[in-house]
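The values are calculated or read from the model by the stated rules, or taken from the named source; none is laboratory data. Only a predicted model underlies this, so the values are computations on that prediction, with no experimental measurement involved. Every residue, glycine as well, gets a Cβ built from its backbone with ideal geometry; the counts of neighbours run over all protein chains shown. Side chains included, ligands, DNA and RNA excluded: accessible areas come from the protein's heavy atoms. Shrake-Rupley method; radii C 1.70, N 1.55, O 1.52, S 1.80 Å.
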Protein chains: 2
Amino acid sequence: MIFLVDHFFEGKPLASRVPLRNNDEIIFVDVTLEPKTTYVDKLATQLKEKFGTVSGIIGIGGGSAMDLAKAVSLMMTNPGSSADYQGWDLVKLPGVYKVGIPTLSGTGAEVSRTTVLTGPTRKLGMNSDFTPFDQIVLDPELTKDAPVNQRFYTGMDCYIHCIESLEGTYLNEFSKSYGEKALELCRKVFVDKNNWDDECDDQLMMASYAGGMSIAYSQVGVAHAVSYGLSYLLGTKHGIGNCIVMNHLEEYYPAGVKEFKYMVEKNNIEIPAGICNSLSEEQFNAMMDVSLGMKPLWENALGKDWATIMTRKKLRALYEKL
Amino acid sequence: MIFLVDHFFEGKPLASRVPLRNNDEIIFVDVTLEPKTTYVDKLATQLKEKFGTVSGIIGIGGGSAMDLAKAVSLMMTNPGSSADYQGWDLVKLPGVYKVGIPTLSGTGAEVSRTTVLTGPTRKLGMNSDFTPFDQIVLDPELTKDAPVNQRFYTGMDCYIHCIESLEGTYLNEFSKSYGEKALELCRKVFVDKNNWDDECDDQLMMASYAGGMSIAYSQVGVAHAVSYGLSYLLGTKHGIGNCIVMNHLEEYYPAGVKEFKYMVEKNNIEIPAGICNSLSEEQFNAMMDVSLGMKPLWENALGKDWATIMTRKKLRALYEKL
């Protein structure tokens, strides 16, 4: 068993609690940047060279560590580069057994059918029926030591999943029941509570899970489509990128953005601004290409005619505001 | 692929929609009585004799058809009789691929880790990590033609799962979030709505799913423990048996029973009474033995000291009231 552990835990007590046996190995993964297809390929190649194959991959960490675990598992059995599988239902073979153990709540990566990867030409996941973990371990104690800002940004990833799912055209009763529950739990944690306690860790972990389940059978929307462009070009991390975008989406999600701003204020968080101030024409175009390539997200958010609504001009104006 | 289809659908349009290919076969299963271990063994033997093994088992129907599908799948690979596996974690090998397609909402059998079987000495499921379906298809349209009474009884199975899970000592945040959601959906359907519509079918299907998920990681309680005795001795079907018992559980679930009675009245249902009136001493003892054998259920409901609370005398008095 190969444990891909977020480098945040190197030298920390959690790492020494991993019960290694026989040829088991811990690899601390660098998640300073969001996972790249080149990094996935490198890890898979390294494991294949050393072991031929492995019994399983266990990802321990935030969304990046879990997405790496899912992607490396798939690349142990699928030929070529992970970049070949960025898209929907391109993966043809199950990976090796894979387990996710989240140490940060909100991304929903523990249950999603994607892995968010930055490739040579796009930021897009390996979306497939083979992508979800075979097993997950949900232990809210593991999220106790998360930095406050990071916890908020990642928690907001969940909140945004819910708004995008519940307000989307792909909505169905399955996604709705999960989205409503996740939203209720996010509100308990970020709106109702005045101090962080163990119950917050419990509830945010279930919110993340339910939010992830909600989008598994519907889709995310405008915040994600726009923030993927930021991550691709500027390396903006997913949680904070979503917050930067959500801050300016009153037009699309009026009630959600109002509540989002309330939570930002209540939790004393400062959302970065002006991150696109000095970008070139070419850079804006690269971001827009990545963003507009996320067709299912736009269609979920704006309907079948999304392309006539979200024109390049309109998207450009939105990026300039960030 | 072998389709185990509830005999209710013999000659009905649903049966002709099953897309048989090659050696695929439909077997209409008799669910007049709840599944017996002898019936499971017979079906598995018949398939092994005819095909050696099969690619998969697809159960289409209510809780009984789904439980049969799960049990037959397991008995295609595990030696001996299904009665050998009635209990917790006795199943050692994964079954063949199995799929559940519910046509009745409420039992949670589509997601549970058990199959409720009547065996030579007990009514108890094959509870194991290998029991849940590999795949489920949730299509609320399939529940449209369910008889009104049956729909109510099975819906109440879900309601009772929620009360037993949420009021139980095994409760945790995972089970809580599912139980709360399922309860909310049951209330929408059976309390708030005045007429049955498509949305009721949608919501009750998700309620069933969420209620099943809730008890998967907690446990049911008094109503189930007592009603298992009825089913074992009298063949009382699970949904109606739970209702007969729940009607007399004010002492254990005061708020839940009050609401249950309101739903019974609002939906014009008559709950049978006096079903134990003419039982012999021996028969009462047999029911009590089955019921008191459900240790995890009692422990969840009443705590570690359950045996000092639910004495044989007390249980006997409860059975006499039914």
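Values computed for the structure shown
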| item | result |
| --- | --- |
| Dipole magnitude of chain A, debye to nearest 20 (Cβ charges: Lys/Arg +1, Asp/Glu -1, about Cα centre) | 560 debye |
| Hits among lysines - C-alpha to C-alpha of residue B:144 under 23 Å, sequence gap 8 or more where chains match | A:176, B:12, B:181, B:188, B:193, B:237, B:266 |
| Rel. contact order, % - alpha carbon contacts under 8 angstrom, at least six apart, the stretch A:48-103 | 47 percent |
| Size of charge dipole - the protein assembly as shown - debye, nearest 20, with Cβ of Lys, Arg +1 and Asp, Glu -1, no other charges | 520 debye |
| Length-normalised contact order of chain A in % [C-alpha pairs under 8 Å, at least 6 apart] | 14 percent |
| Alpha-carbon centroids, the stretch B:119-197 and the stretch B:16-42: separation in whole Å | 23 Å |
| Volume per residue that the Cα convex hull of the stretch A:71-228 spans, once the total is divided by residue count, Å³ | 115 Å³ |
| Principal axis dimensions, the stretch A:167-222 - Cα atoms, whole angstrom, descending | 36, 18, 17 |
| Top positive-direction residue, dipole computed over the stretch A:93-191 with Cβ charges, set A:172, A:102, A:126 | A:126 |
| Cross-link partners of residue B:92 among aspartates and glutamates (Cα-Cα below 13 Å; sequence separation of 8 or more within a chain) | B:84, B:129 |
| Probe 1.4 Å, protein heavy atoms only - accessible area per residue of the protein assembly as shown in square angstrom | 41 Å² |
| Value of Rg to Rh for the stretch A:146-299 (Rh from inverse mean 1/r over Cα pairs, i.e. Kirkwood) | 0.97 |
| Pairwise burial B:A, computed as accessible area of each alone minus the pair, summed, 1.4 Å, Å² | 1300 Å² |
| Positive-end residue, the protein assembly as shown charge dipole about Cα centroid, Cβ charges, pick of B:43, B:152, A:35 | B:43 |
| Percentage relative contact order, the stretch B:133-196, counting C-alpha pairs under 8 Å, at least six apart | 27 percent |
| With every protein chain in place, the stretch A:58-214: carbon and sulfur % of accessible area (1.4 Å) | 51 percent |
| Mean-position separation - Cα centroids, the stretch B:257-322 and the stretch A:240-300, in angstrom | 56 Å |
| Using distinct alpha-carbon pairs, which all enter the 1/r mean, Kirkwood radius of the stretch A:123-187 in Å | 14.0 Å |
| Rotationally averaged projected area of chain B (alpha carbon convex hull; nm²) | 15.6 nm² |
| Point-charge dipole on Cβ atoms (K/R +1, D/E -1) for the stretch A:186-322, about Cα centre, debye to 20 | 460 debye |
| Number of partner chain Cβ atoms within 10 Å, mean per residue of B:177-184 | 4 |
| Inverse mean reciprocal Cα-Cα distance (Kirkwood Rh) of the protein assembly as shown, Å | 26.4 Å |
| Heavy-atom accessible area, 1.4 Å probe, ligands and nucleic acids excluded: residues of the stretch B:201-215 down by at least 30 Å² from chain alone | B:206, B:209 |
